[in-house]
Amino acid sequence: MKLFIYHTPEQTPTDKIPDCAIAVDVLRATTTMATVLNAGAEAVQVFSDINELMVVSEKWPADQRLRAGERGGSMVEGFDLGNSPLDCTPERVQGRRLFITTTNGTRALQAVQNAPTVLAAALINRAAVVNYLVEKQPETLWLVGSGWEGSFSLEDTTCTGAIAHSLLTQLNCNEEALAGNDEVIGAIALYSKWQDRLLDMFHHASHGQRLLRLNCHEDLKYCAQLDILDVLPIQKEPGILVKN
């Protein structure tokens, strides 16, 4: 297995695709996707464009859909949900499809949607992701951080490092054997620095600070938990993820 980490969707190569690609948006899209599927949602369908989401979701029965949208951390007006995983309770989402658009996370998924296997990862489901990778052993693996509007984000790269760090342990190999690019070494080092202070790391991250200004303190606490959900969002067709 060769692992490549890209800090943003814009950095992913356009002339090749990996055997497996994993989108990461810890604050908060992929955390929300894992949570909503764990709570019993039928599927998650992702969109970068709000208008397209409205057109597609309108064809779905009203009692079987939820529209979730966020721009700049705030809920899109007229939607059922924003991008808070804490709103995704079984009572609210059971059996429904979540149609979601976010500032960054949905773009990351769309950037890699042509890979044979596409997953969504966050800190909360890191172990489930790693267990799948150890079982399937894809030859080439991309971890793609969502970043923030094209720029590096501390929390996403830390999460990719958490996945890479666990893979090293599970596969009993060294960094040189696993790493396909220098970003892997950097991400592992970043996770090693923050692994016991993940919530503190969010408080240092620019997007974490942005969410704190929006009074999303409880969201940050939830998103900072490691390995709490045994759920793996996996793409069954482009842009549609289900529970594996």
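The number of residues in region 124-153 being closer than 21 Å to Leu220 by Cα, part of a strand (DSSP E or B) and modelled with pLDDT of 95 or more comes to 2. Here Leu109 fulfils each of the conditions (1) modelled with pLDDT under 95; (2) open to solvent by 20 Å² or more (accessible area, probe 1.4 Å) apart from (2).
For region 129-152, taking the residues that are open to solvent by less than 10 Å² (accessible area, probe 1.4 Å) and over 13 Å from the mean Cα position of the chain (by Cα), the one that is farthest from Val36 (Cα to Cα) is identified as Leu141.
Of a type outside the set (Gly, Ala, Ser), modelled with pLDDT of 95 or more and open to solvent by 10 Å² or more (accessible area, probe 1.4 Å): does that describe Thr117?
Considered against the rule, which asks whether it is of a type outside the set (Gly, Ala, Ser), modelled with pLDDT of 95 or more and open to solvent by 10 Å² or more (accessible area, probe 1.4 Å), Thr117 comes out as yes.
The number of residues in region 132-172 that are on the phi < 0 side of the Ramachandran plot and in contact with a helix residue (DSSP H, G or I) (Cβ under 8 Å, 6 or more places away or on another chain) comes to 25.
How about region 73-94: which of its residues are open to solvent by less than 40 Å² (accessible area, probe 1.4 Å) and over 18 Å from Glu218 (Cα atoms)?
If we filter region 73-94 for residues that are open to solvent by less than 40 Å² (accessible area, probe 1.4 Å), which is where we start, we get 73, 76, 79, 81-85, 88, 93.
Passing the criteria: Val76, Phe79, Val93.
Here Lys2 passes the criteria (1) on the phi < 0 side of the Ramachandran plot; (2) out of contact with any Gly (no Cβ under 8 Å at 6 or more places or on another chain); (3) open to solvent by 20 Å² or more (accessible area, probe 1.4 Å) except the one numbered (2).
Under the condition of being assigned to a helix (DSSP H, G or I) and open to solvent by less than 40 Å² (accessible area, probe 1.4 Å), which residue from region 36-55 is nearest to Leu241 (Cα to Cα)? Let's see the steps before the verdict.
To start, the set of residues in region 36-55 that are assigned to a helix (DSSP H, G or I) comprises 36-38, 50-55.
Cutting the leftovers down to open to solvent by less than 40 Å² (accessible area, probe 1.4 Å) gives us 36-37, 53.
On the way: Val36: 11, Leu37: 9, Leu53: 15 Å.
Once the filter is applied, the top-ranked residue is Leu37.
Within region 56-68, take every residue that is of a type in the set (Gly, Ala, Ser) and under 15 Å from Gly239 (Cβ atoms) and give me the one that is surrounded by the most Cβ atoms within 10 Å (Cβ to Cβ). Taking the candidates together, the pick is Ala68.
The values are calculated or read from the model by the stated rules, or taken from the named source; none is laboratory data. Just so it is clear, the structure is predicted and the values come from calculations on it, not from any experiment. Quick reminder, even Gly has a Cβ in these numbers, built from the backbone with ideal geometry, and neighbours come from all protein chains shown. Areas reflect the complete protein model, heavy atoms only, side chains present, ligands, DNA and RNA absent. Shrake-Rupley method; radii C 1.70, N 1.55, O 1.52, S 1.80 Å.
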